[in-house]
Ligand code: ARG
């Protein structure tokens, strides 16, 4: 990476001056006209060195050995050093990318990371909340993988809990298994049955007892209870799987044969955990229930066993993590991509795991996503105003079909539609709420998936007309001079790898989106201003084709990390 090379060169200069490079940071400046990179090291050191920052910056700059990497530097108030990368270096880099040699620094080599995402609930809607978790989680997994980590993709399906007692009762009382099985959406039928249970229970509270009875039966292994529960999982999974496939999620990469370790997997793994926490005096009894009370009431108490002996979501999560630490190794990093509304819950969970001595600081990570709002409705299973993902996907596809000009192949429309949905989610920091706006989502001129996909199509159509040599001739020898627009693209291209790295280190796919959007804008500007195929001479033409090829490669690479398909025509 160029950034690393520059870091090394400046660190050498500092060493020669007997200055420490501990605080040396190299970053792109806010404004491109200030060069490729800038460092504030002189400002950092001025105080301890008792020097004027501007003078110190000049001293450091003078000590930097001229090389192909750093073409020139300049000192800028109040003490920054701006660095300009040599054109030849940029062109060398361009040629590599044009040959599709994109090297992402393998900083996570040897690290094992579990990325748990999606995790919808059986017999409940696959909501747009789960869509966010699926999209963001999948991308985070891809990005981390590209930096060398070994990734285990997990899906913590909500397939256990007292609600299944109620569901079984409702199926037996008011349901028809054939009807559920053959329904267009079996989950919708199951949700309706579950809702009916609640409306009926309001009139007849005895139903709650019935529900508990059926859950007890389920726990005790009653044949009929197990059968209906297993059925509910299968009915729901078929539907979820269809959605995953539409979204291009490779379910086969989920642990445990492509489904993930759902909550029920831990049914028989909770007791030892409860015992361990009791032994460690972390779990305490209160009125027959068992709770964790946090020191200094850092968090509200967390219940792990109810009065009636039933376990909870949290109990299963603890058993899950204990299992993971045993199976994948005690240093495995565990990431949960889950809505921000569960923040307190995950804080409590991580705290218990630290108290129990299972994990170290920073080993458990909650990547939170904000809410998805369609005007005013908030998602809720009970109130019946749920937004079903399936409907959103369908709508997106229809809109994408009308968006495109002539005869669009439905496959392309689907790729564009899902690309638009994903981009809309990924382009902003995950924790932010999204107000869903179809026009923004599919806006071909703006910061949207289709815009970036279209830029790729544009590059491809240029390249289809003429196959460039992968390498432009040595620009030094041939007196090549790149114009500002080309240079700007070259500079941007040279920052791709470090952008992926930044995204990985901050778990922030939005950095990558921002980069790809910027690259697209620059390419489109260049495309509008300059002739490519009819350039003034062969040399310039080859250079512009090489740039086009490199842009296409980077867009393809980046979109793939984001789980977005490129299309050849639009
Ligand atoms: N099934 C849960 C829900 O839909 C999400 C699970 C998140 N993961 C976890 N390990 N608790 O809200």
**OP:** Using only Cα atoms, tell me the angle between helix 496-506 and the longest principal axis of the chain; keep it within 0 to 90° and round to the nearest 10.
**Re:** 40 degrees
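From the convex hull of the Cα coordinates of region 48-127, what is the mean projected area in square nanometres?
Its average projected convex-hull area is 12.3 nm².
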Subject >> Spatial separation of Cα centroids for region 1-73 and region 238-285, in angstrom >> reply: 49 Å
Original post:
Cα axis of helix 128-146 to longest principal axis of the chain: angle in degrees, 0 to 90, nearest 10?
Top reply: 50 degrees
**OP:** Please provide three numbers in whole Å: the alpha-carbon extents of region 215-318 along the principal axes, with the largest listed first.
**Re:** 48, 34, 20
Original post:
Using alpha carbon coordinates only, what is the Rg to Rh ratio of region 315-355, with Rh defined as the Kirkwood radius?
Top reply: 0.96
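Would you please calculate the Kirkwood hydrodynamic radius of region 130-190 over all C-alpha pairs and express it in Å, rounded to one decimal?
Every distinct Cα pair counted, the radius reaches 14.8 Å.
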Original post:
R0 = 35 Å: FRET efficiency of residue 439 with residue 30, Cβ-based, nearest 0.05?
Top reply: 0.70
Original post:
Which value results when the Cα radius of gyration for region 212-275 is divided by 2.2 N^0.38 Å?
Top reply: 1.38
Original post:
Within the P(r) computed for region 271-375, what percentage of the Cα pairs occupies the region above 15 Å?
Top reply: 64 percent
Subject >> For peptides 351-362, 511-522, sequence by mean Cβ density within 10 Å, most packed first >> reply: 511-522, 351-362
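Among 138, 391, which comes first, then next, by fewest other beta-carbon atoms within 10 Å?
Fewest to most other Cβ atoms nearby, the residues stand as 391, 138.
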**OP:** In whole angstrom, note down how far apart the Cα centers of region 112-174 and region 305-376 are.
**Re:** 13 Å
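Applying a 10 Å radius around every beta-carbon, put 253-261, 498-506 in order of their mean neighbour count, most first.
For the peptides 253-261, 498-506, the packing ranking is 498-506, 253-261.
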Original post:
Any idea what % of Cα-Cα pairs in region 422-570 are farther than 27 Å?
Top reply: 25 percent
**OP:** For a quick protection proxy, order the peptides 201-211, 453-463 by their average other-Cβ count within 10 Å, most packed first.
**Re:** 453-463, 201-211
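Beyond 23 Å, what percent of the Cα pairs of region 113-234 remain?
Summing the P(r) tail past 23 Å for region 113-234 gives 42 percent.
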Original post:
Relative to the longest principal Cα axis of the chain, at what angle does helix 223-246 sit, 0 to 90 degrees, rounded to 10?
Top reply: 20 degrees
**OP:** For region 74-168, just list the percent of Cα-Cα distances falling in each 5 Å bin from zero outward, please.
**Re:** 3, 10, 12, 11, 11, 11, 11, 9, 8, 5, 3, 3, 2, 1, 0
Original post:
At a Förster radius of 41 Å, what calculated FRET efficiency corresponds to the Cβ-Cβ distance of residue 234 and residue 331, to the nearest 0.05?
Top reply: 0.70
**OP:** Provide 242, 132 in ascending order of the number of other Cβ atoms located within 10 Å of each residue's Cβ, fewest first.
**Re:** 242, 132
Original post:
So in the chain, what percent of DSSP beta bridges are antiparallel if you round to the nearest 5?
Top reply: 50 percent
Original post:
Based on the Kirkwood radius over alpha-carbon pairs, what is the Stokes-Einstein translational diffusion coefficient of region 1-84 at 10 °C with 1.306 mPa s viscosity, in µm²/s?
Top reply: 128 µm²/s
**OP:** With r as the distance between the Cβ atoms of residue 198 and residue 256 and R0 = 30 Å, compute the FRET efficiency 1/(1 + (r/R0)^6) and round to 0.05.
**Re:** 0.45
**OP:** Between residue 222 and residue 411, with labels modelled 7 Å along Cα→Cβ, what's the label distance in nm to one decimal, could you check?
**Re:** 5.0 nm
Original post:
Roughly how large, in nm² to one decimal, is the mean projection of the convex hull of the alpha-carbon atoms in region 169-252?
Top reply: 6.5 nm²
Subject >> In nm, spacing of pseudo-spin labels at residue 285 and residue 298 (7 Å Cα→C-beta vector) >> reply: 2.7 nm
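Using just the Cα positions, wrap region 287-326 in a convex hull and report its mean projected area in square nanometres, one decimal place.
For region 287-326, averaging the hull's shadow over all directions gives 3.5 nm².
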**OP:** Evaluate Rg over Rh across the chain, taking Cα atoms for both radii and Kirkwood's formula for Rh.
**Re:** 1.05
Subject >> Residue order, fewest to most beta carbons within 10 Å, for 371, 270 >> reply: 371, 270
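Any read-out appearing in this document is the output of simple, stated calculations on the displayed coordinates, not a laboratory observation. Note that this is a predicted model, so its numbers are computed, not measured. With ideal geometry, Cβ positions are generated from the backbone for all residues, glycine too; neighbour counts draw on all protein chains shown.
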